[in-house]
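Chemist: If you scroll down you'll find the structure; I have some questions about it.
The values are calculated or read from the model by the stated rules, or taken from the named source; none is laboratory data. What you see is a predicted model, and the numbers here were worked out from it, not measured in a lab. Please note: Cβ atoms are built from the backbone with ideal geometry, for glycine as well, and neighbour counts cover all protein chains shown. For accessibility, only protein heavy atoms count, side chains too; no ligands or nucleic acids. Shrake-Rupley method; radii C 1.70, N 1.55, O 1.52, S 1.80 Å.
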Amino acid sequence: DHERVEKILRGYASPGTQIDVGYPDDDSDRPKGAGASYLGYYLSVPALVRKTVWAEQNGYDAVIQSNNFEPGVEACRLAVDIPVIGLCRITMHAAASLSDRIGVTVPLDSYYILALRLLESYGLMQYVTELRSFSGAASATGARGISLACDGPLSAARAADYDIVVLPGGLPGA
């Protein structure tokens, strides 16, 4: 799966731009088991900072973090001089440039508060008209009868008739 994702990402880059997919070297700080995921977001920050510092020391020009709820982005920015980009923030700013009314959907009820806190910390809640959970369902009906679907393969999206397909990448379920 790593090689497949890396190949896709490299296809987005301009000629001469190198894209490498990497992961923190050590996630031993992350708790395991039921209920550990939320604490794990925050406990993963030191490993993310170490990997970002490594990237700068090894000549990388930027780091794009796609971890859920971006727990290490701000801390990594303090540790290095290269840009550190979080996909949630970028996605929301792109959406805000297209509309001043954004609906945000997370896949599980338990992600609601984490998404709310992240969007508030970025000052983006002024653009969010609704934040809702799919409550584990694969689809829902949004405002004005708009059908929403999450966690589906792109092949299924190609087979359906959509007005827009969004691949946010920075929030759970992306």
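Chemist: Collect the residues in region 97-128 that are under 20 Å from Asn67 (Cα atoms), of a type outside the set (A, V, I, L, M) and surrounded by fewer than 17 Cβ atoms within 10 Å (Cβ to Cβ), keeping them in residue-number order.
Modeler: Scanning region 97-128 gives Asp109, Ser110, Tyr112, Arg117, Glu120, Ser121, Tyr122, Gly123.
Chemist: Taking region 84-116, which residues are within 29 Å of Glu56 (Cα to Cα) and out of contact with any helix residue (DSSP H, G or I) (no Cβ under 8 Å at 6 or more places or on another chain)?
Modeler: Hits for region 84-116 are Leu87, Ile90, Thr91, His93, Ala94, Ala115.
Chemist: Go through (1) under 16 Å from the mean Cα position of the chain (by Cα); (2) modelled with pLDDT under 90; (3) open to solvent by less than 70 Å² (accessible area, probe 1.4 Å) and name the single condition Ile85 misses.
Modeler: Answer for Ile85: the failing condition is (2).
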